[in-house]
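Participant: The structure is given below, and queries will be raised subsequently.
The values are calculated or read from the model by the stated rules, or taken from the named source; none is laboratory data. For clarity, every value in this text was computed on a predicted model and none was experimentally measured. So basically every Cβ, Gly included, is an ideal-geometry build from the backbone, and we count neighbours across all protein chains shown. The protein model used for the area step is the full one, side chains on, heavy atoms only, and it has no ligands, DNA or RNA in it. Shrake-Rupley method; radii C 1.70, N 1.55, O 1.52, S 1.80 Å.
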Amino acid sequence: MITSNNFTSAIKIRLQGGRRSRQQKQPLPPQYGYGQGPQFFDDTTNIYPNLQFQGQPPGPATGWNNQTFGQPSFPGQQILGDPMAAMAMQYGQTLAGQGKVIVNEKLEKFVSVSKLKYYFAVDTAYVAKKLGLIFFPFTHSDWSVHYNQEEPVAPRYDINAPDLYIPSMAFVTYILTAGYLLGTQNKFSPEQLGIHASSALAWLTIELAIILLALYVLNIGNSLKVLDLTAFCSYKYVCMIAAVLASLIFSSLGYFAVLCYCSLSLDFFLLRTLRVSLLSQSTSDHYGGGSRRSLYLLLVLCVVQPFIMYWLTRHLVLDVGVQSNVME
């Protein structure tokens with residue numbers, strides 16, 4: 001017969017055995033290796049290692065939006081992949097191209113870039129021959145401009161063709177030489193360079209305006225363009241540089257000697273060059289009035305050149321006594 005004490009002891013033994021079994025079955029805390037941490041979700045990527053989708057070749061694992069893991073994406077990748085964004089970019093490029101064409105057309109109305117390139121189509125041989133022709137034009141015989149299918153050939157192939165390379169370089173060199181001479185006189189300042197440049201440009205603009213007005217009023221037919229006249233009127237800067245450089249070595253005496261010779265050579269050069277363009281177009285006048293008007297205009301143009309050269313360079317030259325005082 002089972003007593004109450006025996007029954008109570010049996011229940012205690014059973015409870016103690018179940019408690020020991022639960023303590024033995026308690027899982028150990030997770031052991032994390034280097035670079036690992038606790039996972040909130042179970043890793044199920046390797047549950048089915050041999051499972052592949054039908055029709056898809058084996059390759060690297062992909063995530064959302066079919067992006068391959070291990071290939072970084074930049075922030076604008078989705079924008080570039082958007083077809084609307086691609087259409088917008090293409091439309092913007094089209095508008096930019098149309099705008100460029102419109103700007104080029106507007107510029108062509110005022111200054112033709114293709115025609116302007118013609119005046120800078122020179123090489124070293126042409127520059128050397130042209131400078132020799134300006135300083136020593138007395139032995140040159142052929143002064144006609146050559147044409148190729150009603151278009152004048154490039155200056156590099158014709159020494160008689162006008163160019164803007166030599167005038168532009170001579171203009172810049174004249175400004176720099178003037179600054180150097182002012183420095184030798186202790187009169188240099190940055191404002192003086194601007195004053196000399198604006199003064200030279202102003203005289204050139206006035207000269208061109210008077211020539212064009214005279215051609216229009218006198219009704220003189222010619223084949224000269226505005227850029228041609230600009231080139232011929234700007235060759236005097238070469239002679240001005242030679243005169244002021246001579247003043248550095250031979251003072252005012254060398255300046256006047258070189259200025260007189262350069263004035264003579266420049267006038268002869270302009271007479272022989274412009275005579276072909278001005279007088280040849282005026283021979284169609286039955287009464288000869290156009291030819292006389294062209295000749296008078298050409299003579300006035302040649303006479304004015306030495307006075308302009310003297311006016312723009314005389315203040316840069318010192319007398320002998322003043323130069324010696326400055327040197328001391």
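Participant: Within the stretch 202-220, work out how many residues are open to solvent by 30 Å² or more (accessible area, probe 1.4 Å) and within 23 Å of residue 118 (Cβ to Cβ).
Facilitator: 2
Participant: Right, here's the next one. Within the stretch 213-233, count every residue that is in contact with a Ser or Thr (Cβ under 8 Å, 6 or more places away or on another chain) and closer than 20 Å to residue 135 by Cα.
Facilitator: 2
Participant: Restrict the check to the stretch 301-319 and report whether at least one residue is modelled with pLDDT under 75, surrounded by fewer than 13 Cβ atoms within 10 Å (Cβ to Cβ) and of a type in the set (D, E, K, R).
Facilitator: Yes.
Participant: Under 9 Å between Cβ atoms, at least 6 apart or on separate chains: pull out the pairs that start in the stretch 140-165 with a residue that is within 18 Å of residue 230 (Cβ to Cβ) and hydroxyl-bearing (Ser, Thr, Tyr) and end on any residue that is open to solvent by less than 50 Å² (accessible area, probe 1.4 Å) and in a loop (DSSP other than H, G, I, E, B).
Facilitator: What qualifies is 165/119; 165/121; 165/122.
Participant: Could you tell me whether residue 171 is open to solvent by 30 Å² or more (accessible area, probe 1.4 Å) and of a type in the set (Phe, Trp, Tyr)?
Facilitator: yes
Participant: Select, from 223, 199, the only residue that is in contact (Cβ under 8 Å) with a residue 24 or more places away in the chain, exposed (fewer than 15 other Cβ atoms within 10 Å of the Cβ), under 31 Å from the mean Cα position of the chain (by Cα) and farther than 20 Å from residue 123 by Cα.
Facilitator: Within the list 223, 199, the selection yields 199.
Participant: Moving on to the next point. Quick check on my filter: what residues within the stretch 114-167 are of a type in the set (Gly, Ala, Ser) and open to solvent by 90 Å² or more (accessible area, probe 1.4 Å)?
Facilitator: Correct list: 141 only.
Participant: Name every residue in the stretch 226-273 that is open to solvent by 20 Å² or more (accessible area, probe 1.4 Å) and either under 33 Å from the mean Cα position of the chain (by Cα) or among the β-branched types (Val, Ile, Thr) (or both), in order of residue number.
Facilitator: If the condition is that a residue be open to solvent by 20 Å² or more (accessible area, probe 1.4 Å) and either under 33 Å from the mean Cα position of the chain (by Cα) or among the β-branched types (Val, Ile, Thr) (or both), then 226, 227, 230, 241, 242, 245, 249, 258 are the ones that fit.
Participant: Only one of these is closer than 25 Å to residue 296 by Cα and either part of a loop (DSSP other than H, G, I, E, B) or among the basic types (Lys, Arg) (or both): 224, 213. Name it.
Facilitator: One residue alone meets the criteria, 224.
Participant: Residue pairs, Cβ under 6 Å, 6 or more apart or interchain, first in the stretch 234-257 and in contact (Cβ under 8 Å) with a residue 60 or more places away in the chain, second surrounded by fewer than 22 Cβ atoms within 10 Å (Cβ to Cβ) and charged (D, E, K, R). List them.
Facilitator: 252/319
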